[in-house]
Structure formats: structure tokens, C-alpha cells
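The structure appears below as C-alpha cells.
What follows is calculated from the coordinates using simple rules that are stated; it is not laboratory data. Fair warning: this is a prediction, and the values are worked out from it, not measured in the lab. Positions of Cβ are generated from backbone atoms using ideal geometry, with glycine treated the same way; all protein chains shown enter the neighbour counts.
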Amino acid sequence: MLSFRILDFFIALLYFTGALSFLLGLIYSSKKTQDRAVILSIAGFGLHSLDLFLKYILGIGEILTQSQFYISLMAWSFLLIYFFLWWKLKLKFLSITAAPLALLLFTGSLAISPSTLPVPGILQGLWFGLHIGSLFISMALLAMAFGAGISYIYLDKKIKAKTKLSNVSKDIPSLQSFDRANHLAVIYGFPLYTIGVLSGFIWAAFTWKTIFTWDPKEIMTVITWFAFAWLFHKRISGAWRGKKAAQMVIIIFALTLISFIGINFFTETHHSLRP
Amino acid sequence: MEQRIYLFGLNHKSADVEIREKFALTGFDPEVSGLMGQESPIKETLVLSTCNRVEIICVSDAELDEVSPMILKSWAKFCQQEYSLLEKHIYSFQDLKAVDHLFSVAASLDSMVLGEPQILGQLKDAYRESVKNKTAGVIINRLLHKSFSAAKRIRTETEVSSSAVSISYAAVELARKIFGELQDQRAMLIGAGEMAELAALHLLNSGLKDIMVANRTPARAQELAQRFKGQAMCMEKMLDHLHKADIVISSTGATSTIISASQVKEVLKKRKNQPMFFIDIAVPRDLDPDINMLDNVYLYDIDDLKEVVEENLAGRREEADKAREIVKQEVDKFSHWLKSLDLSPTIVDLLNRGEAIAHKEIKKSLRNLGPDADEATRKAMEQLATSLVGKLYHEPIIFLKRRSREEGSSDKFIDLTRRIFNLDNEQAPENAHQNRKRK
């Protein structure tokens, strides 16, 4: 529908200008530009929420079977978690990951042509709620921790090497706050990821009457889950903190990205979102 | 008659500390010293006396060769020193150069430590004093207010006073980069020494939760702990308590290292790898340099901190050029105002303002009348508006002209007129009224 096209265009525009002004604000260490970036992102997020809501209301029954919708929803959950972390940890800085990733996924969702996914009617509610909800939120948490992790490693290296803190690194929040983002992402993210994966396998058991089929998606998911579990354990026990945890989160996020984008779109899998 | 601004002074560049001490002007009252009075050509004065600079700013309609000896004589007399000694070290500026100098001083561009913030407070105190003694008039009032706002502008628009330029502040800044807010952090001070204590004090002022003090002599430990409201312990117990400390400042006279990397490794296990920041101020060093290799631990010794300070200072010097540009702009604005203090530009401005208002209103009313209004009505309206404005401004102009013939008070009334009718199109700062109430 044309009206949705226009709405989508405006959302993408807001995300784009938001991400751009955050980057510029950081480079020129201008608080005003950074604040403007946040306002733009909030405006984009508001429109995006409306967009998702309208699509859901108007296209009920059909929308849940379209891959576009899920990618758009993923972009939305990234921002949702970003705002959550901002509120919880006062970490506005994570715009650096949230804004570009949301932009990338959202425009990605516009670029692919509509396709239909096989979703059996009886399981729709459960599948949507558990599988998508928990996995998307845990991925969004990972995405934010990914940004925090990169920032942590960068700042840690600077402080350790005793090099001059440039303008950019002066505006960066403290190491501790990045580590707290990592902690939250692991503590909440891992249980959610587990729920998401389990519900997926249960759904598979109902649909295909088999749990594990050596599908690339399934293999990737299990690898990611083990990596995540390991990090979860190390974090809880206090053995890992700071740099090691940051590095691990970066790896895990990369794995989920490969699984979400690489496998869903480019390989033969029964979890395909390909058009 | 035209008023001129003069500035005479000594600072850390023009005079040694002994000279500056000799010519300090603490408690100097221009009126008591006979500098100002009915007969004197000096109309306004302001005296700034700090340990790095002593300056007198005055406003007078006399020439420099008349004002200069007057000021310097009473300065030397107040300090009971030789006039010639003062003359040798003094610098003087006139009019816009004086304004430029004062703005630079206020913005801390002329300070020994570039960008240090104290000078602005000292200047504010000096101004308050001159207001109290009633030695500040229209020009000094305006001059000082503008110097404060220029300094504020420079502080927000440039980074000339942003990064830390002392060892102890650099340590606090680094601690902030590691821990963020310091309210949950605890520090341990090992040994004592001026710089270590200063760093501890700055950390406490930045919101640190509390401080532990370990010292070889228990009495000294007690004393320091009391000062910092912390917990004292003897040196032998230090390692047992180390795991409770997030920030460790070490400054003992020990000849070998007192904490090794492997000991820190043990401590880290105890505190579940929570980050630690070690500051080694001692020479020779107290802490094993390998500590910095451990994950989640950061070690800075005195040389590292000195380097940070050096780099920050270099950064400030770069920013100072930007700041000087702002000073230039502000001086331009001030000179514009200074010129307008004459009577005729003010009258012209006043009449222009009136005419502008009249024309705007005529246009509006004519539009309301519509195209059908006849020529006679239009003419009558135009005449009404312009003559109304002329009549309204007539009395103030007569008043100003009369006052300007009297000695001394014209500046005040011209300034008042400009402010009442807002001829300089200024916007009052949001907190203008609060400031007034506090005074």
C-alpha cells in the first residue's frame, strides 16, 4: 500500500539522520548534535511502532507469515532494548550500535520482496510469543552488548597503553558502564535465548515430527547456545568480566548474525526467510 | 567628555613572586587612598589582587600621563614601596587593549596554568568589592559583566579548561573513565605524601565512598584516617584489606616494590575480577609495573600521570587560539557599546527605533483598512503615528540633553535610556533576576 510506503520511507529517513547525527556529534564532540540524534531516533521509533501496529491490525493472519515483518520487528526490538539500557544504565552512548543496526535492518526489510513463511495456524500464538519474542529481545540485548563490547575494548586499550584520550574517547562513558551493559545482556539474554531455542525445537517437533535435523540453522543455533552458556557461566561465577566478556559477546553476536541473516537468506534451510 | 579605560598591572610574567608580594593590594580602598574623590579625574576603579597578579582598572577622562602617575603613586604608597620599583615591572593598557586584556584574564588565557578556573572567581570577588565600595560605575559594571559572560562563552565553546592539568586531577579523571561515578568506590592510601594526599582529597571530593589508610607508623595512619574520615590500618594488614579497595594510591618511601603482580592476581580472585586502579606516586616505584598487564587492572605511575598532564596542557594551548578569537569578538561588541555612550548616537538610535515602530504600525493599520480607504484617511493616520512617537520621545531626549551638560552623570542616564528602550537589542539571560535578588 502506498501509504505504508510513505510511512516506511519516513521511518528510514529518521533512522538515517539519527544515526548520522550521532556519528557527527561524536566526531565533533557536540552535545547538541547528539541530543538531536536521540530525538530523531525516538521519533523514528515512535513512527516505527505505529507502522508495526497498523500492519498487525490491518493484516492480521497474513502479516505473521511475512518475512519483511520479522526483520522490521527485529530493528524495532534493537531500539526497544537500547531505550531500556539508556534508562537503566544511563548509557545513551549505545546509540552508536542501536541507530545504525536499526537502520540497516529496517531498510533491509524494505528491500526484500514479500515472501510467505509456513506457519501452522494452531501454533501461531505460542510460536510468535515465545520463539520470536524471546529470541529477538535476546538478540537485541546482544547487539547492544556488542556495541558496548567494542567500545570497552577500545577504551580499555587506550587506558592500558596510556595514550592520550582524544575528543571522541572523552565523550565515551566509563568502562564500568559498558561492562554493566554486558552483564545485563548476558544475565537476561541467555535465559531468553534458551527459551527461544527450546520453543523453536518444540515447534519443529510438532511440525516435522523430529527435533534435530542437522539443518545448518539448527547447527549454528546449537553452537551459539553453547558459546552463550559458557559466557553465562563465566559471568555468573565472576571469573570473567570486562575485556574477556566483551570479546565473547562480540563473537556470540557475530554468530547470531550469521545465523539470522547468512543462513536464513543464503543457504538451503527449512528456516528460510528467502523470498 | 570622553571616558577612557586604563589598566595597570603586574603578573607572573612581568614580575617575580617577591615583587608581586611587595605590591599586593589586598584591602586597598581607592577612595581612602585618595585616588577617587570630588577633585580626582578618576571616575571608576576596580582592584584585583591575587597571588599571580595585581591589577588596577580605572575609568577616567584624563590622559595617560596624568592618570598613570596618580595610580602608581598611591599604589606604591599603599604598599610602602619605591615608586621606581613598581614602574619597572608594570604593564599598562588603554581602552580596547585594556578590555581585551581583562577579557583574557577572566577567561584564564593569561593565567600561569592556562585555563585554570579560580581566576574568574577572584575577579568576581574583586568586582563585588568595588560595588560595595561604590567605586564601580556604568563602564566598569558593564565591562565586568561582559568579561564574565565572555569567560562563560569560552568555557562552553572551547576546551581550554576541560581536561585535567594537575597530577591529582588527572588521576581522578582516569578513575572516572574506569569506574564512572565514584560513589560506590573505595580507595586505599598507602603511605603518605603531599601529592598522594591531594589525590585522595580530590577523589573524596568527587564523591568517593570512603578511604582506607595504611601507614608504617600507626599514629600517622590514625591522623590521616581521621582527616579523610576513613579506616586506619598498619602496613602489615594492608594486603589483607587490599581486595576491598577499587583505587589504590601508593606513596611510600620503600626502596623496593611493596605489591607484586602475583599478589594483585590473588586479590583479584578475591574480588571476582572487579576492576582496580593503581596510582603509584612514589619514587622509586612502590608497585610492580607488571600489574598493568593483568586484565581489569590499570596502573599509572607518576611519569605516566605527568605525561597525561603534559598532553592535556598542549591540548589547552591549541584551544586557546579559539578562545582568543572569541575574546576579539566580545571586545568588538563592547567597543560598539562604548561608542554609543555618547549622546548623539543614542538620540539617533532612539528616534530610529521610534520611527521603525511607527512605520510598522502604520502598515498594519493600513492593511486592516483595506484598499478602499481614501487618501486623506491614510495621510491622517501616518501623521498621527509619527507625531505620536515624536512627542513620546521628546521629553526623554530633552532630559538627556540637559543631563549631559552636567558633569559626570551623563553616562549613567545614557546607559539607562539604552537599556530601558533596549536600543542594543539585548536579550536578558534567563537567570538575570535571580542574580539581582542575591545581591
Gyration tensor verdict on the protein assembly as shown (Cα atoms; rounded if a/c is under 1.5, prolate if a/b is larger than b/c, oblate otherwise)
oblate
Cα to Cα, under 17 Å, and not fewer than 8 places away if on the same chain: which aspartates and glutamates meet these conditions relative to residue A:209?
A:218
For residue B:22, the lysines lying under 29 Å Cα to Cα, once residues fewer than eight places off in the same chain are dropped, come out as B:13, B:43, B:73, B:77, B:88, B:97, B:124, B:132, B:134
DSSP beta bridges in the protein assembly as shown: the antiparallel percent, rounded to 5, is 45
Counting DSSP beta bridges with both ends in chain B, the antiparallel % (nearest 5):
45
Packing rank of A:76-88, B:392-404, B:316-328, where each peptide gets the mean count of other beta carbons within 10 Å, highest leading:
A:76-88, B:316-328, B:392-404
For segment B:167-309, what is the number of Lys pairs with C-alpha distance below 23 angstrom, counting only pairs 8 or more positions apart or on separate chains?
22
Round to a whole angstrom and tell me the spacing of the C-alpha centers of segment A:9-56 and segment B:261-279.
41
Pull out a ≥ b ≥ c, the square roots of the eigenvalues of the alpha-carbon gyration tensor of segment A:2-266, then state rounded if a/c is under 1.5, prolate if not and a/b is larger than b/c, and oblate in the remaining case.
oblate
For chain B, take the longest principal axis of its alpha carbons; what is the angle in degrees between that and the long axis of helix B:118-132, to the nearest 10 within 0 to 90?
40
In peptide A:206-212, how many Cβ atoms from other protein chains are near each Cβ within 10 Å, on average?
0
